[in-house]
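What follows is a set of notes on a single structure, which appears directly below.
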Amino acid sequence: MTDDPILGPDHDRPVEGGRRRRRKSRLPGCLAVLVSLAIVLGGVYFVATRGIQAIEDRFAAPEDFSGPGQGAVVFEVKEGDSVAAMGRGLKSDGVVASVEAFTDEAAANPDSTSIQVGSYKMKKEMAAEDALEILLDPDNILKNTITIPEGLRVEDITALLADHTDYKQAQFDRVLDNPDALGLPDYAEGNPEGYLFPSTYDFGPKESPKGMLTAMVDRWEQAASEANLESAAADLGYTPAELMTVASLVESEAARDEDRAKVARVIYNRLEGNETNGLLQIDATVNYAADQELGAVPTTEDLEIDSPYNTYKNPGLPPTPIEAPGDAAIEAAAHPAEGDWYYYVTVNLRTGETKFAETYDEFLGYKDELRDYCETESEGAC
């Protein structure tokens, strides 16, 4: 085979029918490369854009309301709430625009660790800084302050709570129908008498009757712990329940705090000695049995009432406390004074001065002193 001067080398000759071989076009391959490159570049752009957006989002200021807010919201800070938990709650209630706006403000303020448990009146759509400012001031805590004085019976306490809250007394009574839910000690045997502790309470606007009564039992538990009630009862030879009953009698009888430990000793002496044959002869127990004011003077008919609470007829302690004793009375019952007294008389009703006697004759002398006081100085107090 030879070269053709016109056609060139053999491989360029026409073959079979004079057709020439056509070279394949390179355009489809280039197009595929260009498409792939475009996809890659598009992906890079997308990723880069998203990354830049993420960076901008990360370092941009969190969404926040400009304030000052509108409407009203009661927001509650609960025991154990972290700043983040508060932020989530505020966001959920519509107070702040974002959790991050609140937590950022809190992180910048070292006082944010001192936010107190309670309910706060706030507004919707507040600036996070303003919301934090409200929570930092404990004076902003919403509360209903109620003082329960010493010496009240359960029925008196629930009536007082009903008078100072939006609840009815029957709602408190229904809670007391299931007293075990209040956390009473086992030795109370389900009877809350004497265990609703007298004190001043700051109840939040959302506090329930059960929450209020439980708070009072919790406060009693604190007083009992501080007085070492259970170990003191064992040392004295009584049960904790009996010691609480003694405390309630001390509360009803002692006119002054300084006399409580002596009154407690008189009660123990009467229980353990022979001077009164175990009879306590305490008027308040008779009044409790008669369902009348504990401070009233019982009539002759009252003294004959058939009740285990009538300590003129039944030796020993009444079955339960008769009223709510406070710290001083519980302390006195747990740690009575030393002495051989069996009697006491408050000889001055204005000052509460009380004199203690070891014998009945001495007691009668103090009663004469009280009679003289009533005739000359009492101005009708007797």
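The values are calculated or read from the model by the stated rules, or taken from the named source; none is laboratory data. Just so it is clear, the structure is predicted and the values come from calculations on it, not from any experiment. Using ideal geometry, Cβ is built from the backbone for each residue, glycine included, and neighbour counts are taken over all protein chains shown. Just so you know, the surface numbers come from the protein's heavy atoms only, side chains and all, with ligands and any DNA or RNA stripped out. Shrake-Rupley method; radii C 1.70, N 1.55, O 1.52, S 1.80 Å.
Taking Met216 as meeting all but one of (1) part of a helix (DSSP H, G or I); (2) more than 26 Å from Gly118 (Cβ to Cβ); (3) open to solvent by less than 20 Å² (accessible area, probe 1.4 Å), write down the number of the exception.
(2)
Taking segment 258-273 as the search range and keeping residues that are open to solvent by 20 Å² or more (accessible area, probe 1.4 Å) and touching a Pro at 6+ places or on another chain (Cβ under 7 Å), which one is nearest to Thr351 (Cα to Cα)?
Filtering segment 258-273 for residues that are open to solvent by 20 Å² or more (accessible area, probe 1.4 Å) and touching a Pro at 6+ places or on another chain (Cβ under 7 Å), the one nearest to Thr351 (Cα to Cα) comes out as Ala261.
Being of a type in the set (Ser, Thr, Tyr) and surrounded by fewer than 21 Cβ atoms within 10 Å (Cβ to Cβ) is the filter; apply it to segment 100-129 and report the residue that is farthest from the chain's Cα centre (by Cα). Spell out the reasoning first.
Let us first name the residues in segment 100-129 that are of a type in the set (Ser, Thr, Tyr), namely 103, 112-114, 119-120.
Remaining after also requiring surrounded by fewer than 21 Cβ atoms within 10 Å (Cβ to Cβ): 112-114, 119.
Working: Ser112: 21, Thr113: 20, Ser114: 18, Ser119: 12 Å.
Among them, the one singled out is Ser112.
Examine segment 274-292 for a residue that is part of a helix (DSSP H, G or I), out of contact with any Ser or Thr (no Cβ under 9 Å at 6 or more places or on another chain) and either surrounded by fewer than 20 Cβ atoms within 10 Å (Cβ to Cβ) or on the phi > 0 side of the Ramachandran plot (or both), and state whether such a residue exists.
So far as segment 274-292 goes, no, none of its residues is part of a helix (DSSP H, G or I), out of contact with any Ser or Thr (no Cβ under 9 Å at 6 or more places or on another chain) and either surrounded by fewer than 20 Cβ atoms within 10 Å (Cβ to Cβ) or on the phi > 0 side of the Ramachandran plot (or both).
Among the numbered criteria (1) without any contact (Cβ under 8 Å) to a residue 40 or more places away in the chain; (2) under 18 Å from Tyr309 (Cβ atoms), which one does Thr276 miss?
(1)
Determine whether Ser248 is touching a Gly at 6+ places or on another chain (Cβ under 9 Å), of a type in the set (Ser, Thr, Tyr) and open to solvent by less than 10 Å² (accessible area, probe 1.4 Å). Spell out how you get there, then give the answer.
On the way: touching a Gly at 6+ places or on another chain (Cβ under 9 Å): yes; of a type in the set (Ser, Thr, Tyr): yes; open to solvent by less than 10 Å² (accessible area, probe 1.4 Å): yes.
Spelling it out, Ser248 is indeed touching a Gly at 6+ places or on another chain (Cβ under 9 Å), of a type in the set (Ser, Thr, Tyr) and open to solvent by less than 10 Å² (accessible area, probe 1.4 Å).
Here are the criteria: (1) open to solvent by 70 Å² or more (accessible area, probe 1.4 Å); (2) farther than 23 Å from Ala261 by Cα. Tell me which single one Asn314 does not satisfy.
Only one criterion in (1) open to solvent by 70 Å² or more (accessible area, probe 1.4 Å); (2) farther than 23 Å from Ala261 by Cα is unmet by Asn314, namely (1).
In segment 325-352, how many are open to solvent by 70 Å² or more (accessible area, probe 1.4 Å) and not in a loop (DSSP other than H, G, I, E, B)?
The initial filter retains those residues of segment 325-352 that are open to solvent by 70 Å² or more (accessible area, probe 1.4 Å), namely 331, 335, 338, 340, 349-350.
From what is left, the residues that are not in a loop (DSSP other than H, G, I, E, B) are 331.
Residues flagged as open to solvent by 70 Å² or more (accessible area, probe 1.4 Å) and not in a loop (DSSP other than H, G, I, E, B) within segment 325-352 amount to 1.
Within segment 244-273, count every residue that is touching a strand residue (DSSP E or B) at 6+ places or on another chain (Cβ under 8 Å) and in a helix (DSSP H, G or I).
Applying the first criterion (touching a strand residue (DSSP E or B) at 6+ places or on another chain (Cβ under 8 Å)) to segment 244-273 yields 253-256, 259, 262-263, 266.
Still in the list and also in a helix (DSSP H, G or I): 253, 259, 262-263, 266.
Count: 5.
For segment 170-190, enumerate the residues that are among the polar types (S, T, N, Q) and surrounded by fewer than 16 Cβ atoms within 10 Å (Cβ to Cβ). Break it down into steps so the answer makes sense when it comes.
Quick first cut of segment 170-190, residues among the polar types (S, T, N, Q) only: 171, 178.
Within segment 170-190, Asn178 is the sole residue that qualifies.
Which one is farthest from Asp64 (Cα to Cα), of the residues in segment 76-99 that are open to solvent by less than 30 Å² (accessible area, probe 1.4 Å) and not small (Gly, Ala, Ser)?
Here the answer is Val77.
Can you tell me which condition Asp372 does not meet? The list is (1) under 42 Å from the mean Cα position of the chain (by Cα); (2) surrounded by fewer than 16 Cβ atoms within 10 Å (Cβ to Cβ), and all the others hold.
(1)
Taking Ala241 as meeting all but one of (1) modelled with pLDDT of 95 or more; (2) in a loop (DSSP other than H, G, I, E, B), write down the number of the exception.
Of (1) modelled with pLDDT of 95 or more; (2) in a loop (DSSP other than H, G, I, E, B), only one is false for Ala241: (2).
Please go through segment 133-157 and pick out each residue that is within 18 Å of the chain's Cα centre (by Cα) and either of a type in the set (S, T, N, Q) or open to solvent by 20 Å² or more (accessible area, probe 1.4 Å) (or both).
Pro138, Asp139, Asn140, Ile141, Leu142, Lys143, Asn144, Thr145, Thr147
Are any residues in segment 215-226 touching a residue at least 24 places away in the same chain (Cβ under 8 Å) and closer than 10 Å to Leu196 by Cβ, and if so, which ones?
Met216, Val217, Trp220
Please list, ordered by first then second residue, the pairs with beta carbon atoms under 7 Å, 6 or more apart or interchain, first in segment 156-175 and free of Cβ contacts under 8 Å to residues at least 12 places away in the same chain, second aliphatic (A, V, I, L, M).
From residues that are free of Cβ contacts under 8 Å to residues at least 12 places away in the same chain, the pairs are Lys168/Ala162; Gln169/Ala159; Gln169/Ala162.
Got at least one residue in segment 193-204 being aliphatic (A, V, I, L, M) and either at pLDDT below 95 or within 21 Å of Leu294 (Cα to Cα) (or both)? Full working, then the answer.
Restricting attention to segment 193-204, the residues satisfying the condition of being aliphatic (A, V, I, L, M) are 196.
From what's left, either at pLDDT below 95 or within 21 Å of Leu294 (Cα to Cα) (or both): 196.
Checked segment 193-204: at least one residue is aliphatic (A, V, I, L, M) and either at pLDDT below 95 or within 21 Å of Leu294 (Cα to Cα) (or both).
Tell me the residue from Ala223, Ala170 that is modelled with pLDDT of 95 or more and over 22 Å from Pro319 (Cα atoms), please.
Details: Ala223 fails: over 22 Å from Pro319 (Cα atoms).
Being modelled with pLDDT of 95 or more and over 22 Å from Pro319 (Cα atoms) holds for just one of Ala223, Ala170, which is Ala170.
Filter segment 350-370 down to the residues that are of a type outside the set (Asp, Glu) and more than 18 Å from Ile282 (Cβ to Cβ) and list them by number. Lay out the reasoning, then the answer.
Looking only at segment 350-370, we keep the residues that are of a type outside the set (Asp, Glu), and these are 350-352, 354-357, 359-360, 363-367, 370.
Hits for segment 350-370 are Arg350, Thr351, Thr359, Leu364, Gly365.
Answer yes or no as to whether Ala255 is open to solvent by 10 Å² or more (accessible area, probe 1.4 Å) and more than 30 Å from Asn140 (Cβ to Cβ). Break it down into steps so the answer makes sense when it comes.
Details: open to solvent by 10 Å² or more (accessible area, probe 1.4 Å): yes; more than 30 Å from Asn140 (Cβ to Cβ): yes.
Yes: the conditions hold for Ala255.
Mind listing whichever residues of segment 293-303 are without any contact (Cβ under 8 Å) to a residue 40 or more places away in the chain and surrounded by 13 or more Cβ atoms within 10 Å (Cβ to Cβ)?
Ala296, Pro298, Asp302, Leu303
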